[in-house]
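Asker: Sharing a structure here in structure tokens format.
The values are calculated or read from the model by the stated rules, or taken from the named source; none is laboratory data. What you see is a predicted model, and the numbers here were worked out from it, not measured in a lab. Glycine gets a Cβ as well: all are built from the backbone with ideal geometry, and neighbour counts include every protein chain shown.
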Amino acid sequence: MAEKEISQAVISRLPRYLRYLGELKDEGVERISSQELSGLMNVTASQIRQDFNNFGGFGQQGYGYNVEYLYTEIGKILGLDKKHHLIIVGAGNLGQAIANYMNFERRGFIFTGMFDINPELFGKKIRGMEVRPMEEMADFVKQNNVDIAVLTIPKGEAVLVAAKLSDVGIKAIWNFAHVDLAVPKEVQVENVHLSDSLMRLSYMIERYESEVANKE
Ligand code: NAI
């Protein structure tokens, strides 16, 4: 199905479709048209059809989409039909906050271990998960089939730790450290910068206020 290259813009919209479809499914909705979905999501119906056409369409014209089927298929495209096992590297404020958020598991992201270099944190339990020393990381990754590492450590350490994670066979890094990681091509990296999002918000305030000022 995903033989042809799908644009990043389309991929980045899939999680949002999945969220809405999950809610519809929970509400017992069985079918939805692109127009109805468009009304809910504030995206044009033609955008929705174009996006879904990248994956063969998912539905019949005039008949609407089967919510359960669409939810399952988008989940498969996103690789959510498989479970992922994660470790958190850096058990500080951010690492602990992520560990405490339960909803990731609903999507099949299972947190299995937490690691740090601060001996004061060793043995501390965050939502039942013990913080372990970094020396145990390599064996733990191999023994527990870990495929994703969440990197919540200072940027000065992140490049080196990412290289270590790559060496032990981690498939992907969810990188919160504010630095670009140089890892082998087999290792996928998703950078998350909350401050980028906040700056976009600041830009939106500026833009809105200048539009209003121009109208006056
Ligand atoms: P924190 O200081 O509370 O926690 C960092 C933890 O990393 C500490 O427990 C420390 O002992 C551990 N650590 C340091 N070097 C390590 C290594 N080599 N291996 C394993 N553990 C190591 O800091 P906080 O607030 O949790 O932030 C963590 C990082 O995330 C910082 O770099 C911060 O700038 C970044 N951050 C990024 C955000 C984003 O949106 N991308 C948002 C908030 C923080």
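Asker: Within segment 116-146, which residues are surrounded by fewer than 16 Cβ atoms within 10 Å (Cβ to Cβ) and part of a strand (DSSP E or B)?
Answerer: Within segment 116-146, Lys125, Glu130, Pro133 meet the criteria.
Asker: Among the residues of segment 152-174, how many are under 21 Å from the mean Cα position of the chain (by Cα) and within 8 Å of the ligand (Cβ to nearest atom)?
Answerer: Total satisfying the criteria: 6.
Asker: Evaluate the following for Gln96: is it outside the structural domain of Ala162 (by TED's automatic domain parsing) and either more than 30 Å from Val161 (Cβ to Cβ) or at pLDDT 95 or above (or both)?
Answerer: Values: outside the structural domain of Ala162 (by TED's automatic domain parsing): no; either more than 30 Å from Val161 (Cβ to Cβ) or at pLDDT 95 or above (or both): yes.
Against the criterion (outside the structural domain of Ala162 (by TED's automatic domain parsing) and either more than 30 Å from Val161 (Cβ to Cβ) or at pLDDT 95 or above (or both)), Gln96 does not qualify.
Asker: Moving on to the next point. If the Cβ limit is 8 Å and pairs must be 6+ apart or interchain, which residue in segment 24-40 that is surrounded by fewer than 15 Cβ atoms within 10 Å (Cβ to Cβ) and modelled with pLDDT under 95 pairs with which residue that is of a type in the set (Ser, Thr, Tyr) and not in a loop (DSSP other than H, G, I, E, B)?
Answerer: Filtered contacts from segment 24-40: Leu40/Tyr20.
Asker: I'd like to verify a number: residues in segment 147-158 that are charged (D, E, K, R) and outside any helix (DSSP H, G or I), how many?
Answerer: Step one: list which residues in segment 147-158 are charged (D, E, K, R), which gives 147, 155, 157.
Then keep just the ones that are outside any helix (DSSP H, G or I); that gives 147.
Matching residues across segment 147-158 total 1.
Asker: Any idea which of Gly123, Gly75, Gly108 is more than 12 Å from the ligand (Cβ to nearest atom) and in contact with a His (Cβ under 8 Å, 6 or more places away or on another chain)?
Answerer: On the way: Gly123 fails: in contact with a His (Cβ under 8 Å, 6 or more places away or on another chain); Gly75 fails: in contact with a His (Cβ under 8 Å, 6 or more places away or on another chain).
Criteria check complete, one pass: Gly108.
Asker: Shifting gears a bit: Which count do you get for residues in segment 28-48 that are under 14 Å from Asn66 (Cα atoms) and of a type outside the set (S, T, N, Q)?
Answerer: Residues meeting the conditions: 7.
Asker: If you check Arg127, Arg132, Arg106, which single one turns out to be more than 19 Å from the chain's Cα centre (by Cα) and within 29 Å of Gly22 (Cα to Cα)?
Answerer: Arg127 is the lone residue from the list that is more than 19 Å from the chain's Cα centre (by Cα) and within 29 Å of Gly22 (Cα to Cα).
Asker: Are there any pairs with C-beta distances below 9 angstrom linking a residue in segment 170-187 that is loosely packed, with under 14 Cβ neighbours inside 10 Å to a residue that is modelled with pLDDT under 95 and not in a loop (DSSP other than H, G, I, E, B), with the two at least 6 apart or on different chains, and if so which?
Answerer: His178/Ser195
Asker: Here is a list: Gly59, Gly28. Which entry is in contact with a strand residue (DSSP E or B) (Cβ under 6 Å, 6 or more places away or on another chain) and among the small types (Gly, Ala, Ser)? It would help to see each step written out before you state the result.
Answerer: Values: Gly28 fails: in contact with a strand residue (DSSP E or B) (Cβ under 6 Å, 6 or more places away or on another chain).
Gly59 is the lone residue from the list that is in contact with a strand residue (DSSP E or B) (Cβ under 6 Å, 6 or more places away or on another chain) and among the small types (Gly, Ala, Ser).
Asker: Okay, moving on. In the list Glu157, Glu186, Glu190, which residue meets the criterion of being under 13 Å from Gly90 (Cβ atoms) and of a type in the set (Asp, Glu)?
Answerer: Glu157
Asker: Would you tally the residues in segment 59-115 being closer than 19 Å to Pro15 by Cβ, touching a residue at least 40 places away in the same chain (Cβ under 8 Å) and part of a helix (DSSP H, G or I)?
Answerer: 8
Asker: Right, something else. Given (1) over 30 Å from Tyr17 (Cβ atoms); (2) within 11 Å of the ligand (Cβ to nearest atom); (3) exposed (fewer than 12 other Cβ atoms within 10 Å of the Cβ); (4) among the charged types (D, E, K, R), where does Asp196 come up short, assuming only one miss?
Answerer: Just one mismatch for Asp196, condition (1).
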